[in-house]
Amino acid sequence: MSKILIRGAKVLGGEPQDVLIDGEVIEAVGTGLPDDGAEVVEAQGKVLLPGLVDLHTHLREPGREDSETVLTGTRAAASGGYTAVFAMANTFPVADTAGVVEQVYRLGQEHGYCDVQPIGAVTVGLEGRKLAELGAMHESAAGVTVFSDDGKCVDDAVIMRRALEYVKAFGGVVAQHAQEPRLTEGAQMNEGVVSAELGLGGWPAVAEESIIARDVLLAEHVGSRVHICHLSTAGSVEIVRWAKSRGIDVTAEVTPHHLLLTDELVRTYNPVYKVNPPLRTERDVLALREALADGTIDIVATDHAPHPHEDKDCEWAAAAMVQDRTTGKVEVTAHNHGFAVDAPLDKVSETKFGRAEVSHVCLNDDVVEGLQLLDQPAFSVQYHPEAAAGPHDAAYLFDRFVSLMEGQRA
């Protein structure tokens, strides 16, 4: 590998200096360094930093390549100065086995733009009911040490305790998406003055804070490590600060948008501002900035989570997704809730028409949006793709219906 001379850069934001690199070694730092045949990069006015690490990304592959791939995600990361990214487990299939995390790891190696470290799921299928293969994922070629059901909260205290106990054996960490699900049912934005004025369902700060409080106490009880994803409230900051003062092994991250934006932007009804957790108040933003500055918050993580254009090109309430559990296909929908059968997501139900299983589910709140009968050629969907404000494609549902009818005639 040839030598590279970076000339005139502000090293770590300080005074301009030259940096001579030979292969993987920084050979010299100073001013007026000779190039000695090295490739010269003129960097006047630029800041030179070590490679950045993003602890929280969604690279979507496998299963949602219409949103992102490991190739496009790592290429974008490298362009932004990142040399390593951690990829969350909510892919399709979920990264809850050694095989899936190894696939993601090897895709990162093949593309070569930056290191990709898969994050393994805490529970099977992100369902929160049964621990995933934590040990097998750790011992795999991917060497997973961080586990998260991000996108969903590990809300069962017993499951969370067991996960913390398990990862302790090999120095792992559980990264929690802190969202008490019952307190956020139907939530559209931060609960507060703006949500009241707009008439939108509120997402209370306590839904985040109560989970963080529980989990730092669990981590203390079992002597394990817990990481809190995307802190968003002033109250969460105070809980983490308190936990660290007690010596609890907790770390926390914050996203750029929670450091910069407030829920006032929701007044525009632009779905680009509909994020999870939601944008909070100016008071929360200021508390997050202070916590980052004083070390209460350990790291800025992007929560890079790409969506196809049509997933956001819609009205605010329709910025929700329904997933076909048989194909993984996800659609934007102006959906309505209250399916006739309150069916469990993970097992077959008995109905007066015979056995049925859930075929479609709203990814926002796990509400059942479709059923497939197993003993008869029939299915039903509750959501309304034709009512979505943006582009959509529900033709496959009609194709499925036609196939069933043709099968009956045959």
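Brief remarks on what is shown
- Peptides 6-18, 63-75 ranked from most to least packed give 63-75, 6-18, packing being the mean of other C-beta atoms within 10 angstrom over each peptide's residues.
- The angle separating the long axis of helix 395-409 from the principal Cα axis of greatest extent in the chain is about 40 degrees.
- Those trypsin sites (Lys or Arg not before Pro) in the stretch 105-165 that DSSP places in a loop and that have at most 15 other beta carbons within 10 Å: ARG129, LYS130
- Computed helical MRE - 222 nm, the chain, DSSP H runs ≥ 4 contributing -39500 (n - 2.57), nearest 500: -8500 deg cm²/dmol
- Our note on the geometry: Cα centres of the stretch 28-43 and the stretch 66-133, 37 Å apart.
- Antiparallel content of DSSP bridges confined to the chain, in %, to 5: 50
- Relative to the longest principal axis of the Cα atoms of the chain, helix 282-294 runs at roughly 40 degrees.
- Fewest-first sequence of PHE86, PHE401 by Cβ atoms within 10 Å of each Cβ: PHE401, PHE86
- Relative frequency of Cα-Cα separations exceeding 40 Å in the chain, percent: 23
- Residue pairs exceeding 24 angstrom between C-alpha atoms, taken from LYS46/LYS244; LYS168/LYS274; LYS244/LYS274; LYS152/LYS274; LYS130/LYS347: LYS46/LYS244; LYS168/LYS274; LYS244/LYS274.
- The alpha-carbon atoms of the stretch 143-292 define a convex hull whose volume equals 105 cubic angstrom per residue.
- Comparing ALA196, ALA163, ALA305 in a Gaussian network model of the chain, where Cα atoms under 10 Å apart are tied by springs, the biggest mean-square fluctuation is seen for ALA196.
- Taking the DSSP bridge list for the stretch 1-143 and keeping only pairs wholly inside it, about 45 percent are antiparallel.
- Among ALA234, ALA293, ALA43: highest mean-square fluctuation, GNM of the chain, C-alpha pairs under 10 Å: ALA43
- Rounded to the nearest 10 degrees, the inclination of helix 205-222 to the longest alpha-carbon principal axis of the chain is 70 degrees.
- Choice from VAL381, VAL40, VAL222 with maximal GNM fluctuation in the chain (Cα, 10 Å cutoff): VAL40
- The shape of the stretch 3-48 comes out prolate: with a ≥ b ≥ c from the C-alpha gyration tensor, a/c is at least 1.5 and a/b beats b/c.
Since every read-out is calculated from the coordinates, none of them should be taken as a lab result. Model, not experiment: these values are computed from the prediction. Heads up, the Cβs are rebuilt from the backbone with ideal geometry, glycines too, and the neighbour counts pull from every protein chain shown.
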